[in-house]
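Below: one structure, written as structure tokens.
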2 protein chains.
Amino acid sequence: MKRTCVNIAVFCLAFAARAADAPEPPPDAWRDVDPNNLVLIDTKYGETAVELAPAFAPKHAERMRALIRSHFYDGLSFYRVLDGFVAQGGIGEGPASTRDHPKEAVDLEKKWPPLKAEFDRPLGSDLTFTPLGNGDLFAPEVGHVDGFPVGRDTKEGRAWIIHCPGTFAFARDNGGDTATTEFYIVIGEAPRRLDRNLTAFGRVVDGMQYLQKLNRGDVKVDNGVIDDVSKRDGIITVRVASDIPEKERPKYQVMRTASGSFAAEKEKRKNPAPEFYVRRPPPVLDICLAPVPVRRL
Amino acid sequence: MKRTCVNIAVFCLAFAARAADAPEPPPDAWRDVDPNNLVLIDTKYGETAVELAPAFAPKHAERMRALIRSHFYDGLSFYRVLDGFVAQGGIGEGPASTRDHPKEAVDLEKKWPPLKAEFDRPLGSDLTFTPLGNGDLFAPEVGHVDGFPVGRDTKEGRAWIIHCPGTFAFARDNGGDTATTEFYIVIGEAPRRLDRNLTAFGRVVDGMQYLQKLNRGDVKVDNGVIDDVSKRDGIITVRVASDIPEKERPKYQVMRTASGSFAAEKEKRKNPAPEFYVRRPPPVLDICLAPVPVRRL
């Protein structure tokens, strides 16, 4: 053992990420991602796949698809990227922006009028909420709906998508009902203070590492907006998978979060490899560290 | 307002990251980072600065300095990088590793014998613990000591550095007392299950974004070890700042976490810009999202 200590050390810390193997989940533990909800964002680093959750924000999902289909984002950029917080994409500021082109800004709002906020939604029979099984600092209850991390308040009768790493949302102005075209994706420790303050309606299912490569802004300079346009990483194209010929489009499956297989995944994470863990961790999960398995077919 | 909606949207989400400006902290709100505790890791993406916390793990801090001063890490790599989890550096596996060179592994352990774990430490008068002021899912109490995020259990009389994004630690084998040379840095949502299971003894104070650019492994393939050595991002050099001529070395200051200025920072984060937040977030903080200000002189 001593002779391979360094190798085993590598192996062992891995166990911290991924507990011992369990039985293969049965085929019905997986659901297909609807290609009409699958958004593909291409940058020079690679393709990031986002699943939209229209059940939580139908108008925002519809707007996103319309923007994509009008090629709105193609050739724009991630113009505000704050390490440990968000990558924000769209028109942005600077020469290409509405700041220096007030007329275009008016035209833009005519074409893409501000949306009514969809910060949360009523509970309903169409939502299968699977509780995580432990408390949370920020919400009365947390769990999953169809693979999305969700907060729930049964007293208020509301549910919402939680801001975890990978959560996809629309940015907005002051005032709740002001989102038009700009989006952001969380790339750092879950900024839960944004929950129910912005319309979150999707999550990255693949390619998070490419967003992590995006050039960063500085929070102290123009709140993270990268003023030097040449330093912004471009958005090559954004597509809805259903617009790609079926044979060419990527296909994903997400583990059903109401399944026994997902319950087993959570249990594994709560009881990680005993041969490595000197001290058993507290038997609780961070809702943003109960990763929902995804596979590309 | 409508005319600049997109710009303001940019601005507003920024506020979510950084609340309204408060009075400038007085000079004594800052402490200098001791250059003997400042570790500089160079990769092709840029320099990452880590502050060591010898008060929590004196033997590991000493080992780290000794490894650096023997140029152990220079020319090695980040050979295991898991998106959302850790970047692990050192000898690693593959052609350059001990797996294929068992004799070298024995020699290595002679030179760098396994360390006794320093997962936590007794409470003591040398630790100024400033409570965060709210509960936590994983520890009886959380707060800060000299800028480091710390868990405390007064019943057991122990304190430990928490695994937040940027936490610096030594990897190990099965068995607590097995760390030798390999280190990791957390690059994702706080993996709190590792708390008190590994020796955490530092944190990134600058250059986190460069670690985020590191090439990733795949958790399903060799637990994230990048088997193709050509795809690993190299460690150009690791230095202790005190070994660099004083005029050339970078100098940092960290806000004193026992100061009124830091108390004000936490309060700002709990009460973010009311002009933007439609709903006041729950008045609690994630210990890993109560960022301790750092400035480079």
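The values are calculated or read from the model by the stated rules, or taken from the named source; none is laboratory data. Just so it is clear, the model here is predicted, and its values are computed rather than measured. Here the Cβ positions follow ideal geometry from the backbone for every residue, glycine too, while neighbour counts run over all protein chains shown.
Would you tally the residues in region A:113-153 being within 14 Å of another protein chain (Cβ to nearest Cβ), touching a residue at least 24 places away in the same chain (Cβ under 8 Å) and surrounded by 15 or more Cβ atoms within 10 Å (Cβ to Cβ)?
Residues flagged as within 14 Å of another protein chain (Cβ to nearest Cβ), touching a residue at least 24 places away in the same chain (Cβ under 8 Å) and surrounded by 15 or more Cβ atoms within 10 Å (Cβ to Cβ) within region A:113-153 amount to 16.
B:Leu108: out of contact with any strand residue (DSSP E or B) (no Cβ under 6 Å at 6 or more places or on another chain) and aliphatic (A, V, I, L, M), yes or no?
For B:Leu108, the condition - out of contact with any strand residue (DSSP E or B) (no Cβ under 6 Å at 6 or more places or on another chain) and aliphatic (A, V, I, L, M) - is met.
Restricting the search to region B:74-95, which residues are touching a Gly at 6+ places or on another chain (Cβ under 9 Å), surrounded by fewer than 24 Cβ atoms within 10 Å (Cβ to Cβ) and closer than 16 Å to B:Ile236 by Cβ?
B:Gly75, B:Leu76
Yes/no per residue for (1) within 12 Å of another protein chain (Cβ to nearest Cβ); (2) surrounded by 23 or more Cβ atoms within 10 Å (Cβ to Cβ); (3) out of contact with any helix residue (DSSP H, G or I) (no Cβ under 6 Å at 6 or more places or on another chain); (4) more than 16 Å from B:Pro114 (Cβ to Cβ):
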| site | (1), (2), (3), (4) |
| --- | --- |
| B:Lys155 | no, no, yes, yes |
| B:Ile161 | no, yes, yes, yes |
| B:Asp173 | yes, yes, no, no |
| B:Gly176 | yes, no, yes, no |
| B:Tyr210 | yes, no, yes, yes |
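What residue, among those in region B:109-126 that are among the aliphatic types (A, V, I, L, M) and more than 19 Å from the chain's Cα centre (by Cα), is nearest to A:Ala139 (Cα to Cα)?
B:Leu123
Test A:Pro291 against the criterion of being of a type outside the set (A, V, I, L, M) and at the interface with chain B (Cβ under 10 Å from one of its Cβ atoms), and give yes or no.
Yes.
Can you name every residue in region B:236-262 that is more than 16 Å from B:Gly133 (Cβ to Cβ), among the aliphatic types (A, V, I, L, M) and not in a strand (DSSP E or B)? Steps first, answer last, please.
Start the filter on region B:236-262 by keeping residues that are more than 16 Å from B:Gly133 (Cβ to Cβ), which leaves B:236-256.
Next, only the ones that are among the aliphatic types (A, V, I, L, M) stay: B:236, B:238, B:240-241, B:244, B:254-255.
Within region B:236-262, B:Ile236, B:Ala241, B:Ile244 meet the criteria.
Of the numbered conditions (1) in a loop (DSSP other than H, G, I, E, B); (2) of a type outside the set (Asp, Glu); (3) out of contact with any Ser or Thr (no Cβ under 9 Å at 6 or more places or on another chain); (4) over 26 Å from B:Leu285 (Cα atoms), A:Arg279 fails exactly one; give the number of that condition.
So the condition that A:Arg279 fails would be (4).
Return the residues of region B:150-170 that are over 20 Å from B:Val205 (Cα atoms) and either in contact with a Lys or Arg (Cβ under 7 Å, 6 or more places away or on another chain) or of a type outside the set (S, T, N, Q) (or both); say none if nothing qualifies.
Keep residues of region B:150-170 that are over 20 Å from B:Val205 (Cα atoms), which gives B:152-159.
Once the filter is applied, which keeps residues that are over 20 Å from B:Val205 (Cα atoms) and either in contact with a Lys or Arg (Cβ under 7 Å, 6 or more places away or on another chain) or of a type outside the set (S, T, N, Q) (or both), region B:150-170 yields B:Arg152, B:Asp153, B:Lys155, B:Glu156, B:Gly157, B:Arg158, B:Ala159.
In region B:220-235, how many are within 11 Å of chain A (Cβ to nearest Cβ) and assigned to a helix (DSSP H, G or I)?
Within region B:220-235, residues that are within 11 Å of chain A (Cβ to nearest Cβ) and assigned to a helix (DSSP H, G or I) number 3.
How many residues does region B:160-215 contain that are under 27 Å from A:Glu275 (Cβ atoms), in contact (Cβ under 8 Å) with a residue 12 or more places away in the chain and of a type in the set (S, T, N, Q)?
6
I'm trying to understand the selection: among the residues of region A:46-61, which are out of contact with any strand residue (DSSP E or B) (no Cβ under 6 Å at 6 or more places or on another chain) and surrounded by fewer than 16 Cβ atoms within 10 Å (Cβ to Cβ)? Before the answer, list the steps.
Within region A:46-61, the subset out of contact with any strand residue (DSSP E or B) (no Cβ under 6 Å at 6 or more places or on another chain) is A:46, A:54-55, A:58.
Correct list: A:Gly46, A:Pro58.
Scan region B:178-196 and tell me whether some residue there is of a type in the set (S, T, N, Q) and over 25 Å from B:His71 (Cβ atoms).
Here is the first cut: in region B:178-196, the ones of a type in the set (S, T, N, Q) are B:178, B:180-181.
Those left that are additionally over 25 Å from B:His71 (Cβ atoms): none.
No.
Confirm whether A:Arg269 is farther than 15 Å from A:Leu40 by Cβ, of a type in the set (Lys, Arg) and either in contact with a strand residue (DSSP E or B) (Cβ under 8 Å, 6 or more places away or on another chain) or modelled with pLDDT of 95 or more (or both).
no
Picking from A:Asp227, A:Asp218, which residue would you name as being more than 29 Å from A:Trp160 (Cα to Cα) and free of Cβ contacts under 8 Å to residues at least 24 places away in the same chain?
Going through A:Asp227, A:Asp218 in turn, just one is more than 29 Å from A:Trp160 (Cα to Cα) and free of Cβ contacts under 8 Å to residues at least 24 places away in the same chain: A:Asp218.
What tally of residues in region B:256-288 results from selecting those that are more than 28 Å from A:Thr178 (Cα to Cα), basic (Lys, Arg) and either within 13 Å of chain A (Cβ to nearest Cβ) or without any contact (Cβ under 8 Å) to a residue 40 or more places away in the chain (or both)?
Number satisfying all stated conditions: 1.
Where in region B:1-114 are there helices (runs of 4 or more DSSP H), lying fully within it, with 1 or more residues that are out of contact with any helix residue (DSSP H, G or I) (no Cβ under 7 Å at 6 or more places or on another chain), over 27 Å from B:Ala159 (Cβ atoms) and at pLDDT below 95?
B:5-17, B:102-111
Could you check how many residues of region B:201-234 are within 14 Å of B:Ile41 (Cα to Cα) and among the aromatic types (Phe, Trp, Tyr)?
1
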